[in-house]
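First the structure, in the form of structure tokens, and then the observations on it.
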Amino acid sequence: MRVLAIGNVFNPSGVSVHIKNVLKELVKMGDEVTLYVPSFLVRRNYEVLKDLESAHVNVHHSVYEVKEAEEVGTLPYFIKSHTVYLRWNDLGEDRKYIDELKEIKPDVIYDMHEDSITLRLSYHISKKLDKPLVKLLHDEPFRNSFGRGYKRFLGIKGLAYDILMWMFYKFDKRAFLRSINDGVLRGIAGVSKASFYLSGIEEIARDVRLKVYEVGNAFNRDIIYKYRKTKGKEDYAVFFARLVPQKGIRELPRIADLLNSKIVVFGKIFNERDRAILMSHPKIEYMGYRPIEEVYSTVAKGKVLIYPSHQDGFSLVVLDTLALGTSVVAYDIPAIRFVFSNLKPVRAVREYDVKEMARIANNILSMKDEEYESEHEDENVKKFLELHSSWANVAKETHDFLSAFL
């Protein structure tokens, strides 16, 4: 099977981790894979591209030729990316490459993002090549609710974002409706049920094949299990993720106030206000953006991950932490509920309930070694980790779903 994948491999996120690993595994399975990075997402990170090419993933030459996308502010990109329906035929620099994509002779177009901005491009590629388009959802592409609840943790600024999101979701939904009604978008997959649940996309996806992957993501067994530790843990909490309000960093100080230990924090800070919040708290030890081996070593020794995230599709942070042998307390958002709900070491509390999060974290911190270890050696946990310990399992589901459109 020839797959033309549309994806951003440059963004330091779980989505890019998924894309790179799945494409490599599809090649191992015998598929011929070509990666096309939309021009507005291109970065001059040749190391990433060379890594993919060494795994025999074909990187389209346009990725090397187009000018590196300009860095734009959060708000301008936010507006631009959610209003593509109003400029449906504006393909920019990508337009000149679409015709030559015919030379690849793909059997299917696989857009590996939930965004409407990549949907616009993959829609036109699919129409031009007369090949089925399949879309992958990580987060939800839109919601039928008022915004994303940013007001709760960003105040007035968050309310403004929620108002914008409420309007933009209407445009995002129209982009999907157009792609579906035109018979171009033929399949939609999700890394978990969360993206389907929050968008209600089943209601508009008439004659579209839908699939929630059983194994939406995986962890790197070779690295993770070098550090896995379920006994002899140290009495501290950890947090690692993108350090943005959506991941709950504004709640961390209030949780730390109630915690019987320090919180060791890893990640890249995106603004100085958040840096000041973390650096000024006596019970938060901010370590910065560190090599992943250092992060894993510290997380494995710690006793609990504090994870007050408001936005996830399938949390690689929680998956990696569980594989490292460390317990988790998280908000009961759909991504946590649908993926991790039956696993003893993962406890969920009502969203925004920082007191309950701290209380449960303190209970975990005070657990005896025998009880702590037994939770992590539970058969359900073992089966879950085995299933999610190989990206080949994720790629197998992907391959089978894409093959259904040949």
Restricting the search to segment 361-406, which residues are in a loop (DSSP other than H, G, I, E, B) and open to solvent by 60 Å² or more (accessible area, probe 1.4 Å)?
Ser366, Lys368, Glu377, Leu406
Return yes when Val63 is closer than 30 Å to Ala392 by Cα, at pLDDT below 95, open to solvent by less than 80 Å² (accessible area, probe 1.4 Å) and assigned by the TED database to the domain that holds Glu140 and no when it is not.
yes
Matching residues in segment 217-229 - criterion: being open to solvent by less than 20 Å² (accessible area, probe 1.4 Å) and of a type in the set (Val, Ile, Thr)
Ile224
If you go through Leu322, Leu316, Leu343, the only one that is under 22 Å from His18 (Cα atoms) and open to solvent by less than 20 Å² (accessible area, probe 1.4 Å) is Leu322
Considering residues of segment 284-298 that are out of contact with any Phe, Trp or Tyr (no Cβ under 6 Å at 6 or more places or on another chain) and of a type in the set (A, V, I, L, M) only, the residue most open to solvent (accessible area, probe 1.4 Å)
Ile292
Taking segment 98-112 and keeping only residues that are surrounded by 13 or more Cβ atoms within 10 Å (Cβ to Cβ) and over 28 Å from the mean Cα position of the chain (by Cα), one is left with Lys102, Ile104
Return only the number of the condition from (1) farther than 21 Å from Leu406 by Cβ; (2) open to solvent by less than 30 Å² (accessible area, probe 1.4 Å) that Val57 does not satisfy.
(1)
Open to solvent by 40 Å² or more (accessible area, probe 1.4 Å) and touching a helix residue (DSSP H, G or I) at 6+ places or on another chain (Cβ under 8 Å): does that describe Tyr85?
yes
So is Arg120 open to solvent by 10 Å² or more (accessible area, probe 1.4 Å), under 30 Å from Glu103 (Cα atoms) and free of Cβ contacts under 8 Å to residues at least 60 places away in the same chain or not?
yes
Within segment 243-253, is there a residue that is over 28 Å from Ile19 (Cα atoms), without any contact (Cβ under 8 Å) to a residue 40 or more places away in the chain and either touching a helix residue (DSSP H, G or I) at 6+ places or on another chain (Cβ under 7 Å) or open to solvent by 70 Å² or more (accessible area, probe 1.4 Å) (or both)?
yes
Suppose the filter is surrounded by 24 or more Cβ atoms within 10 Å (Cβ to Cβ), over 18 Å from Tyr372 (Cα atoms) and among the small types (Gly, Ala, Ser); does Ala335 pass it?
yes
Within segment 166-179, is there a residue that is in contact (Cβ under 8 Å) with a residue 12 or more places away in the chain, under 30 Å from Lys105 (Cα atoms) and of a type in the set (S, T, N, Q)?
yes
Does Ala348 satisfy the condition of being small (Gly, Ala, Ser), outside the structural domain of Val191 (by the TED database), under 17 Å from Val317 (Cα atoms) and surrounded by 20 or more Cβ atoms within 10 Å (Cβ to Cβ)?
no
Counting only residues that are among the hydroxyl-bearing types (Ser, Thr, Tyr) and over 20 Å from His310 (Cα atoms), how many does segment 195-220 have?
1
Of the criteria (1) part of a strand (DSSP E or B); (2) surrounded by fewer than 17 Cβ atoms within 10 Å (Cβ to Cβ); (3) touching a residue at least 40 places away in the same chain (Cβ under 8 Å), which one Leu305 fails
(2)
Which of the following residues is under 19 Å from the mean Cα position of the chain (by Cα) and part of a strand (DSSP E or B): Val317, Val328?
Val328
Need at least 3 residues that are in the same structural domain as Arg95 (by the TED database) and open to solvent by 10 Å² or more (accessible area, probe 1.4 Å) per element, so show me which strands (runs of 3 or more DSSP E) inside segment 127-214 make the cut, counting only ones lying wholly within it.
209-212
Members of segment 1-30 that are open to solvent by less than 10 Å² (accessible area, probe 1.4 Å) and either of a type outside the set (A, V, I, L, M) or assigned to a strand (DSSP E or B) (or both)
Val3, Leu4, Ala5, Ile6, Gly7, Ser16, His18
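The values are calculated or read from the model by the stated rules, or taken from the named source; none is laboratory data. As the structure is a prediction and not an experimental result, all values here were calculated from the model. Note: ideal-geometry Cβ built from the backbone for every residue, glycine included; neighbour counts use all protein chains shown. These accessible areas exclude ligands, DNA and RNA; they are computed on the full protein's heavy atoms, side chains included. Shrake-Rupley method; radii C 1.70, N 1.55, O 1.52, S 1.80 Å.
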